[in-house]
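Have a look at the structure below before the remarks.
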Amino acid sequence: MSVRARRLVSVALLSLTAVSLAGCAGAVSLKPAPDANNPDCAAVTVRLPDAVDSLQKRETTAQATGAWGDPAAVLLHCGVTPIGPTTLPCFQVNGVDWVRDSSEAPLYRFTTFGRTPAVEVVIDNDKASGSALLDLSGAVSVIPQTSKCLNAEDVTGDGSTPAPTATPSENG
């Protein structure tokens, strides 16, 4: 093979390598949650969407995890320890109860309530929005829900349910 032919082959191989590497952001390095081996986490993982909040899915280095965006703006861990009663806000998205921890804002940590194993989603609010939970709730909902979260209004009766009142009797 001539020197010129070898140079052309080398340039072609370098170009092909550069093009293939340009499309790869690399795997997101994560640690698995304590109960990541739970079969329910496998069911969640295979249902994770290719895009969340218009961010593309990335490869991760740990079982039962997910990541979206470059740099990663949404991270998911299945198999985290379920949370018990809490004073943190709780709300439902597409049938999944989530507890929000905003103590590290603009990073918001959402943990499922009433599901074992629990799923945790961390959203960088500077790069993504809470609508990521809409995209993830379908996958997470395969874990059976055994209890619902209640807000203070649900417990105290200060919400939309009126308290019973006595009605006057006819015999007065």
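The values are calculated or read from the model by the stated rules, or taken from the named source; none is laboratory data. For clarity, every value in this text was computed on a predicted model and none was experimentally measured. Glycine gets a Cβ as well: all are built from the backbone with ideal geometry, and neighbour counts include every protein chain shown.
Here are a few things to note about the model shown:
- First in the stretch 129-147 and aromatic (Phe, Trp, Tyr), second anywhere and not in a helix (DSSP H, G or I), Cβ under 9 Å, 6 or more apart: none
- Residue list for the stretch 104-126, restricted to those being more than 13 Å from the chain's Cα centre (by Cα) and either charged (D, E, K, R) or outside any loop (DSSP other than H, G, I, E, B) (or both): 104, 115, 126
- Filter result for residue 76 (closer than 20 Å to residue 33 by Cβ and either part of a loop (DSSP other than H, G, I, E, B) or of a type in the set (A, V, I, L, M, F, W, C) (or both)): yes
- Selection within the stretch 144-172 - at pLDDT 50 or above and either of a type in the set (S, T, N, Q) or not in a loop (DSSP other than H, G, I, E, B) (or both): 145, 146, 147, 151, 152, 153, 154, 155, 156
- Residue in the stretch 39-49 that is crowded, with 18+ Cβ neighbours inside 10 Å, aliphatic (A, V, I, L, M), in a loop (DSSP other than H, G, I, E, B) and touching a residue at least 60 places away in the same chain (Cβ under 8 Å) present: yes
- Of all residues in the stretch 26-38, none satisfies being surrounded by 14 or more Cβ atoms within 10 Å (Cβ to Cβ), under 12 Å from the mean Cα position of the chain (by Cα) and of a type in the set (A, V, I, L, M, F, W, C).
- Among the residues of the stretch 129-143, those identified as at pLDDT 95 or above, in a loop (DSSP other than H, G, I, E, B) and either in contact with a strand residue (DSSP E or B) (Cβ under 7 Å, 6 or more places away or on another chain) or among the small types (Gly, Ala, Ser) (or both) are 141, 143.
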